[in-house]
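The numbers here are math on the coordinates, done by the rules we state, and not lab data. Predicted model, so just to flag it, every value in this text is computed and none were measured. As a convention, Cβ positions derive from the backbone with ideal geometry for all residues, glycine included, and neighbour counts pool all protein chains shown.
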Amino acid sequence: MKKYLNSVAAIAIAASCAGAALADDTATVNGITFYGIVDVGMTYDTHGVPPSSVGSVGSYYLIQSASNKATWEAAQSGMSQSRWGIKGAEDLGAGWTGIFKLEGGINPLGGAITDGIRSVVNCNGQVLAQRSACADSSQDGGLFDRAAFGGVSNATYGTLTFGKHTTLEADTIAAYDPIYNSYAFSLIGFSGATAGSGNTQDARWDNSVKYLGSYGPVRIGAMYGFGGTITRNDSGVAGDLGFDYGPFSFDATATHKKDEVAASPLSSAQMISAAAAGFNPQNSFSATVSDNTAYGINAKYTWDKFKFMGGYEYIKFANPSSPLAVGFVDIGNYIGSVVNNTNFTKNKILQVGWFGLRYQATPKLEIDTAWYHYDQNGYAASGANVGCSDTRAGTCSGQENTFSLVADYHFTKKLDVYGGAMYSQVINGLASGYLHNNNIDPTVGLRYSW
């Protein structure tokens, strides 16, 4: 009933905003803006799986452990996450403005609200070769699972908001990823690890406060997440410092987040043990828990019709300072029925690097290309896998590389079409347990924004 009422409320709000928009051919009425993106297309994966009708990524554009056969399928959100939202601004006088934003992800192929953890749970008990696309996400099936915040803004003093926010890392990646943080063509867009200081669930923080300010060419950001809202001490703190100097821009970020969670499907044996312990295996998952620290630097330079962009992030995974109990409640009210609090007795270090460019070939045509790289250390603390650099275990050192090329043509301000491909390959420890170690994903799509 609750989900039904939420859906009815959403439809009513959307309809009222859309009706007002038709009256004056805009999407803003009385300071309230209704906006969104629908992104659909076709993709071919040399090693893929059937798409998810609820997950945020939909298709395995990027090579994953279950990627197993050539697939040709309808795809969604290849260039941008399909979404809808409402935002508003109200003049309070004396230079102050009251603001709010509510935004939710949608899966246009299935007509569902995006829910990454539901896609993971849907893969419970399935062997790799039987799985559809299932990938963890910070989008958890809530009506406004991408953003929900309100606050105040001032041209001199900056913007202060409270609620659910994207991280400062996610903000900088959106500004410095050559291919716009896309799922189909960007490693750091698809995986979400870079935006979430190691885990994609933490690319957005619930119950957080965020400050953004600009002082001449310098900008600063600060963010704090209050822990304990979903039975875990997941507090976090982050900062950003950036500046612009002519055609050059630079940002540096730092983040520390406790009790980060990576969700994965339950095996058949784990489903049986979860049920025996009193947990619903259709609403639970296997969780790996860590305290993470991340540092990032990003830069871009504009020259004529070219924008050169790149970045680097260092992420350290450590065992949680406040371990989670079996049966903890995660985002989306899903249950961690199998919990690993000791996976990082020796710290895992993930280093992420990328570089690329955007070329504005004509006023309507843009061509983008990029290279992305993961490098993981060997982090086995004991036993035969210490120091390994092959595929025997996921704790062995390993690498991942992707190369992408995309053309994007804007017919109008609201409608564009795109086509491109990404080659992705995993090596050594990052290929452990994979059915295949590479994928090519030629993808075309149409995107309508309003």
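Students often get this wrong, so try it: which of (i) 24; (ii) 43; (iii) 40 is percent of Cα pairs over 36 Å apart as calculated from the structure shown?
Comparing each candidate, only (i) matches the computed number.
Over the stretch 165-264, what relative contact order in percent results from Cα pairs under 8 Å that are six or more residues apart?
Working: 190 pairs, mean separation 21.9, N = 100.
Answer for the stretch 165-264 is 22 percent.
HN-Hα J couplings of the stretch 404-410 from phi, Karplus 6.51/-1.76/1.60, θ = phi - 60°, integer Hz, Gly and Pro as x?
9, 9, 9, 10, 10, 10, 9
Which value in nm describes the separation of the simple spin-label points at F162 and N333, placed 7 Å from the Cα toward the beta carbon?
Label-label distance for F162 and N333, simple model: 2.5 nm.
Take the Cα atoms of the stretch 342-387, build their convex hull, and give its volume per residue in Å³.
Details: hull volume 4.0 nm³, N = 46.
So the per-residue hull volume is 88 Å³.
With axes computed from alpha carbons, what is the tilt in degrees of helix 2-24 against the longest principal axis of the chain, rounded to the nearest 10 within 0 to 90?
30 degrees
Pop a pseudo-label 7 angstrom from the Cα along the beta-carbon direction at both D244 and W371 and give the gap in nm to one decimal.
About 3.0 nm separates the two model spin labels.
Using packing as a proxy for protection, rank 91-98, 379-386, 37-44, 185-192 so that the peptide with the highest average count of other Cβ atoms within 10 Å comes first. Working shown, then result.
Working: 91-98: 11.4, 379-386: 14.0, 37-44: 19.4, 185-192: 27.2.
Answer by packing, highest mean first, reads 185-192, 37-44, 379-386, 91-98.
Using the Karplus curve 6.51 cos²θ - 1.76 cosθ + 1.60 with θ = phi - 60°, what ³J(HN,Hα) values do you get for each residue of the stretch 88-97, in whole Hz, with x for Gly and Pro?
Result, rounded to whole Hz: x, 9, 10, 5, 9, x, 6, x, 9, 10.
Considering only DSSP beta bridges whose two residues both sit in the chain, what percent are antiparallel, to the nearest 5?
Working: 170 of 175 bridges.
Around 95 percent antiparallel, to the nearest 5.
Would you report the distance distribution of C-alpha pairs in the stretch 217-268 as whole percents per 10 angstrom bin, up to the bin with the largest distance?
Pair shares across the bins are 21, 31, 24, 17, 6, 1.
Which residues does a label at K364 reach in the stretch 418-450, if reach means a backbone N under 14 Å from a point 7 Å past the Cα toward the Cβ?
Within reach of a label on K364: 418.
If the only charges are +1 at each Lys and Arg Cβ and -1 at each Asp and Glu Cβ, what is the size of the charge dipole of the chain around the Cα centre, to the nearest 20 debye? Please report the intermediate quantities before stating the final value.
Numbers: 28 positive and 35 negative charges, 76 e Å.
Using only the charged Cβ atoms, the result is roughly 360 debye.
Which translational diffusion coefficient, to the nearest whole µm²/s, is obtained for the stretch 137-274 from the Stokes-Einstein equation, given a Kirkwood hydrodynamic radius over C-alpha pairs, 37 °C and 0.692 mPa s?
Result for D is 202 µm²/s.
Counting Lys +1, Arg +1, Asp -1, Glu -1, what net charge surrounds Y448 among other residues with beta carbon under 15 Å of its beta carbon?
Numbers: positive: R83, K413, K414, R447; negative: D39, D408, D416.
Cβ neighbours under 15 Å give a net charge of +1.
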